[in-house]
Amino acid sequence: MATLAAEQIANELKSLPGWEYRDGAIAKLFRFKEFMDGIRFIDRIAEIAEAADHHPDIHVNYTRVRFVCATHSAGGVTEKDLRLAREIEREFAARAG
């Protein structure tokens with residue numbers, strides 16, 4: 001899968017508030033009320049990522065969880081990363097709603 005140009009990524013991120021493009025990846029920090037809320041969210045995203053065979057880097061710092069998405073085999077951001085970011089957003093919105 002081909003990497004996307006920075007301009008394409010910037011355009012796509014307009015519909016993904018809070019996501020940023022830096023160092024060849026897209027990333028977002030999510031905040032949770034309790035530590036276990038974030039862990040349960042990670043568990044759900046892990047299921048989605050496994051089903052898609054596309055796995056983000058996940059960084060946990062107490063009630064903050066950062067997802068970093070890049071297609072390492074392609075050397076940057078691809079459509080797979082944007083799809084996963086959209087799935088993460090949908091799941092977060094569903095939990096907040």
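Bear in mind these aren't lab numbers, they're just calculated from the coordinates by the rules spelled out. All values reported here derive from a predicted model rather than from experimental measurement. Every residue, glycine as well, gets a Cβ built from its backbone with ideal geometry; the counts of neighbours run over all protein chains shown.
Would you mind checking region 36-77 for residues with the amide N under 15 Å from a putative spin-label position 7 Å along Cα→C-beta of D23?
The answer is 57-60, 66-72, 76-77.
Cross-link partners among lysines for K14, C-alpha distance below 18 Å, same-chain residues fewer than 8 apart left out?
K28, K80
Any chance you could get the radius of gyration and Dmax over the Cα atoms of region 47-87, in Å?
Rg then Dmax for region 47-87, in Å: 10.7, 32.
Which loop chymotrypsin sites (Phe, Trp or Tyr not before Pro) in region 1-85, with loop taken from DSSP, have no more than 14 other Cβ atoms within 10 angstrom of their Cβ?
Those satisfying the criteria are Y62.
Where does region 6-96 land on the Kirkwood hydrodynamic radius, alpha-carbon pairs, in angstrom?
Averaging 1/r across every pair of different Cα atoms and inverting gives 13.2 Å.
Would you kindly derive the ³J(HN,Hα) couplings of region 16-31 from the backbone phi angles with the Karplus curve 6.51 cos²θ - 1.76 cosθ + 1.60 (θ = phi - 60°), listing them in order in whole Hz, with x for Gly and Pro?
Using θ = phi - 60°, the values come out as 10, x, x, 7, 10, 10, 7, 6, x, 8, 10, 8, 8, 9, 10, 10 Hz.
Relative to the Cα centre, what is the charge dipole magnitude of region 41-97, using +1 at the beta carbon of each Lys and Arg, -1 at the beta carbon of each Asp and Glu, and rounding to the nearest 20 debye?
Its charge dipole is roughly 240 debye.
Counting other C-beta atoms within 10 Å, and keeping those with at most 13, which DSSP coil trypsin sites (Lys or Arg not before Pro) do you find in region 3-47?
Passing both the DSSP loop test and the Cβ count: K14, K33.
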